[in-house]
Amino acid sequence: MASPAAAGPGAALPPGAARRDFYWLRSFIAGGVAGCCAKTTTAPLDRVKILLQAHNHHYKHLGVFSTLCAVPKKEGYLGLYKGNGAMMIRIFPYGAIQFMAFDQYKKVIKKQLGISGHVHRLMAGSMADVFYFYFQRKKITKNGGIAGKLGNRGITAVICTYPLDMVRVRLAFQVKGEHKYMGIIHAFKMIYTKEGGFSGFYRGLMPTVVGMAPYAGFSFFTFGTLKSIGLAQAPNLLGRPSLDNPDVLVLKTHVNLLCGGIAGAIAQTISYPLDVTRRRMQLGAVLPDSEKCLTMVQTLKYVYQQHGIRRGLYRGLSLNYIRCIPSQAVAFTTYELMKQLLHLN
């Protein structure tokens, strides 16, 4: 039988051949665009959250909505987007790797381990970020070698992009008139020279890693479960044919937004104290009590003793719901749309 190449330029390709061309690249782009759209949408809320989490002295006496109003008055409307440039540089590769990895891990778990349904979505979501820690030892399953190799992608995404997150938080925390950092490049230079070289860029990495598995796991798990239940129970009401493949049923846009928002809210509630811990550790040298927040356990204990649970470990959670619900909704909806546009279904 002649190969497709030998059949001439007008010959039809085998079914599915076109979909395999540059699949990884197209999946990478879809995830990156989804991440950037989501973070830009909620950048003002993210900056306010950082100010409240670390008790910035200009805004610590204010609530969520008061701070949202006070920042533009003090720093102009662009002040709400402070640090967003560093976020975009960081989030494109991170979001790209996360979404791409989730799809691939889901297939590997189903094919290699024979696990499907809700469980394989929860596992794939966690693995997409940080399952390096779970699968580095090959003792776990006979397929541990495969999982271990794939798992390095999640931790690689975190390690490579973490310094940008550190810089973004430092830029977002400073207030007009009290600038310690003049921009992204200057912040990199200052942290490197004043805070111990490269290790200075990785303050707060441990709570980040520990919090990623439950956050990503429950986020993807909840979204995937709601999606499958919705399409199974009410396909005509909640679903529609995919743009690139009429035989595939996908959620309608507004249903996608709702499912993504619910997924984000549940995941944030579970992992939020570790997010507060990460921010406090990342700000490090710019806070007066930085010597009491050198490790994850020290920081958790200090925040709890000083501010309690509601005003300490969960300070800014209401804002985080407002922030993460549209963020996750936009991320999942954009990714689903990009999958159709780039023929990934």
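Under 5 Å from the amide H of V250 lie the amide H atoms of R240, S242, each residue being 5 or more positions distant or on a separate chain, with H modelled from the backbone and absent for Pro and chain starts.
The Kirkwood hydrodynamic radius of region 244-335, based on inverse pair distances between different Cα atoms, is 15.0 Å.
Distance between the modelled labels on A70 and E291, one decimal in nanometres: 2.8 nm (7 Å Cα→Cβ projection).
Sorted by packing (mean other beta-carbon atoms within 10 Å per residue), highest first, where do 235-248, 163-176 land?
For the peptides 235-248, 163-176, the packing ranking is 163-176, 235-248.
With the Kirkwood sum run over all distinct C-alpha pairs, region 45-104 has a hydrodynamic radius of 13.1 Å. Among the listed pairs K73/K189; K194/K292; K60/K82; K60/K176, a Cα-Cα separation exceeding 21 Å is found for K73/K189.
The separation of region 25-57 from region 175-214, counted between C-alpha centres, amounts to 17 Å. What whole-number distance in Å separates the alpha-carbon centres of region 230-257 and region 284-329? That distance is 38 Å.
Readers should treat all values here as calculations from the given coordinates under stated rules, not as data from a laboratory. The shown structure was predicted, so the numbers you read here are calculated from the model rather than taken from an experiment. Quick reminder, even Gly has a Cβ in these numbers, built from the backbone with ideal geometry, and neighbours come from all protein chains shown.
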